[in-house]
Structures are given as C-alpha cells and as structure tokens.
Amino acid sequence: MIEQQASKRASESRAVKASIVLPPDTNNHRTMFGGKVMAYIDDIAAISAMRHCRKRVVTASTDSVDFLNPIKEGDSICLESYVTWTHKTSMEVFVKVTAEDLLTGHRLLCATSFLTFVALDDDNRPTPVPHVTPETSEEKRLYESAPSRAEARRARREERKKLAEEFSQKKPWDR
C-alpha cells in the first residue's frame with residue numbers, strides 16, 4: 001500500500017522563468033513557435049513537481065496548452081508554475097505564460113496549461129508525494145476544481161488506450 005507524505009504549501013513548488021523572444025524562437029509571423037512554448041511549459045512544470053516532492057519525475061500527461069494570445073519577437077516570455085493538486089504518486093501542475101512588451105511594460109496572458117507528473121523512486125517506480133495545501137484564492141480555486149480535471153484525464157486515458165489497442169491491430173494497408 002502506498003502512503004502519501006505530509007502536506008506542503010503550493011507556494012513551495014512555485015517556479016518562475018523569464019526569457020527574451022529572439023528571432024530564432026519565432027515563426028514566419030514573428031511570433032514565438034508554439035512548440036518552443038510547449039517545451040518551456042514542460043520544463044518549468046517539471047521543476048515545480050520536483051520542488052514539491054523532491055524526487056525525480058516524469059510527465060504523465062498534458063491536458064492541453066491553450067494559446068490565448070501570440071508572443072511577439074522582442075517580448076519577454078514569463079512562465080509561472082506550481083503544484084495545484086496531488087493524488088498518491090502524481091501531481092497536477094498549473095502553468096501560466098505571460099508576455100511583456102519590454103518597451104511599454106504592457107503584459108498579456110498568452111497561454112495556460114495543466115500537466116500531470118508522477119514521482120519516481122530509485123527503481124523508477126511511482127512513489128508517494130506530499131499533499132498540497134492551497135493558500136491564495138487562485139490556488140484554492142484550482143485545487144477545488146482539480147478532481148474534475150483528474151476524472152476527465154482518466155476518461156481520456158481510457159479512450160486513448162482503446163484507440164491504441166485498435167490501431168495496433170491494424171496493418172497500414174487495412175483502411
């Protein structure tokens with residue numbers, strides 16, 4: 001039986017990362033590549049997950065990356081993440097991405113994402129993680145809504161398993 005560890009505050013897992021958006025980071029519209037933003041999101045979320053459990057982690061899922069506004073060349077991109085909820089061996093991490101026009105100071109929320117990480121022991125097996133204690137109104141809101149997101153993840157994972165089983169039995173020429 002896996003026992004969950006004591007509780008930690010959500011703020012203890014908070015991580016912030018900022019960078020300037022340079023020409024190699026952008027597409028033909030001079031906005032940041034979505035894939036690069038997604039890599040930044042996974043990176044900072046992993047840092048938050050490891051800060052929370054102080055163990056190695058793996059990404060189990062990304063619910064979605066919702067791109068709300070473009071991030072322009074010359075802007076700074078700032079990512080902020082923290083653990084919003086935990087189960088026995090897994091952690092949900094929320095990431096928000098903000099762009100700032102460094103010449104005007106105007107800031108804009110550009111993306112949000114929820115990711116799930118699993119903590120691993122020395123034998124690469126899932127291991128218990130501490131509970132998370134929300135303190136701010138944002139943390140509490142995300143904590144309270146987390147069980148419904150977790151249920152949606154479980155349902156999506158079951159659907160994907162069925163698809164994988166079905167598709168693995170078909171040959172490329174069987175259409």
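Scan the range 165-175 and tell me whether some residue there is surrounded by 11 or more Cβ atoms within 10 Å (Cβ to Cβ) and either at pLDDT below 85 or not polar (S, T, N, Q) (or both).
No, the range 165-175 contains no residue that is surrounded by 11 or more Cβ atoms within 10 Å (Cβ to Cβ) and either at pLDDT below 85 or not polar (S, T, N, Q) (or both).
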Identify, by number, the condition in (1) surrounded by fewer than 20 Cβ atoms within 10 Å (Cβ to Cβ); (2) modelled with pLDDT of 95 or more; (3) of a type in the set (D, E) that D66 doesn't meet. (2)
Condition met for D66 (in contact with a strand residue (DSSP E or B) (Cβ under 6 Å, 6 or more places away or on another chain), among the acidic types (D, E) and farther than 15 Å from S48 by Cβ): yes
Whichever residue in the range 1-58 is part of a loop (DSSP other than H, G, I, E, B) and touching an Asp or Glu at 6+ places or on another chain (Cβ under 6 Å) and, among such residues, is surrounded by the most Cβ atoms within 10 Å (Cβ to Cβ): V21
Within the range 84-112, which residues are under 9 Å from the mean Cα position of the chain (by Cα) and touching a residue at least 60 places away in the same chain (Cβ under 8 Å)? V93
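The values are calculated or read from the model by the stated rules, or taken from the named source; none is laboratory data. Since this is a predicted model, take the numbers as computed values, not measurements. As a convention, Cβ positions derive from the backbone with ideal geometry for all residues, glycine included, and neighbour counts pool all protein chains shown.
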